[in-house]
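Student: Dropping the structure in here first, questions after.
The values are calculated or read from the model by the stated rules, or taken from the named source; none is laboratory data. Note that the coordinates shown come from a computational prediction; the quantities given were computed from them, not determined experimentally. Here Cβ is always computed from backbone atoms with ideal geometry, including for glycine, and neighbour counts include all displayed protein chains. Keep in mind that these areas ignore ligands, DNA and RNA; they rest on the heavy atoms of the full protein, side chains included. Shrake-Rupley method; radii C 1.70, N 1.55, O 1.52, S 1.80 Å.
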Amino acid sequence: MEQQSDHLIGQFPLFRDLTPPELDYVHQITVPRFVPKKSVIFTEGSERQAVYFIREGLVKTFKTDANGNEQIVSFLKSGEMFPHTGFFNNEPYPATATAVTDSHLFAVPISSFERMILQHPEMSVKMMRVMGAKIQELQTRIQELTGCDVEQRLFSILNHLAEKQIKANGNTRQIELPVTHQELASVIGTSRETVSRLLNQLRKEQILQISRNEIVIIDWPSLKSKYLKRNAANL
């Protein structure tokens, strides 16, 4: 079982450059966690105690305004970590994270991580290089979406989820997305009615099918083509 867990933690990008002995150090401080659907993982403003890696499931992060309204920051799927700068930033959690579906996570306590780094400082250099590349990637994505219209932002999030979806068959991507149109609207900064209209438009074009708990992209190349064309038009 230990070998399996060690192998799994090594699949996350942050640890990709670590040697087998270094991965073993990480494995020793890693805590597997099962988080039931709709459970809170941490709350915005609370003390940062651990960084999480999604082995399986879907996690939503969001901020709450003065009126109690949710502004969804992101949906995170298998293979992703959150918060992204958790190990190298002492600030409180920047958003609330909840499990949208039953989720299996790996938690790495920050205090244990810091002790490990003090004992093996060469590991921090490798991980900071990966984090630097990840931050640059996120900045690029933000720049690409700045000024994009609502349709382009919806294409972007669907494409992002489809790229990480393991239930794939040819050009089909089955996205288990038990979230409402209002939540999708919150992510891309528009109204629920606009999201419904755009999804129905893609459905009529036979690019995707919509059910209560999932979106099935039946023609992913066409969705990617739309995304890339609209992205190029905004450059």
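Student: Hey, can you find the accessible area per residue of region 1-144 for me, probe 1.4 Å, expressed in square angstrom?
Tutor: Details: 7860 Å² over 144 residues.
In whole numbers, region 1-144 has 55 Å² accessible per residue.
Student: To the nearest 20 debye, what is the magnitude of the charge dipole of region 9-74 about its Cα centre, counting +1 on the Cβ of each Lys and Arg and -1 on the Cβ of each Asp and Glu?
Tutor: Working: 8 positive and 8 negative charges, 55 e Å.
Roughly 260 debye for region 9-74.
Student: Let me ask something else about it. Starting with the highest mean, order 54-64, 79-89, 115-125 by the number of other Cβ atoms within 10 Å, averaged over the residues of each peptide. It would help to have the intermediate numbers written out before the result.
Tutor: Values: 54-64: 18.9, 79-89: 17.4, 115-125: 13.3.
Most protected by this proxy first, the peptides run 54-64, 79-89, 115-125.
Student: Now, a different point. Just list whichever of Lys63/Lys224; Lys37/Lys134; Lys37/Lys77; Lys77/Lys224; Lys38/Lys63; Lys38/Lys77 have alpha carbons separated by over 21 Å in the model shown. The partial results should precede the final answer.
Tutor: Values: Lys63/Lys224 29 Å; Lys37/Lys134 28 Å; Lys37/Lys77 14 Å; Lys77/Lys224 19 Å; Lys38/Lys63 16 Å; Lys38/Lys77 15 Å.
From the list (Lys63/Lys224; Lys37/Lys134; Lys37/Lys77; Lys77/Lys224; Lys38/Lys63; Lys38/Lys77), the Cα-Cα distance tops 21 Å for Lys63/Lys224; Lys37/Lys134.
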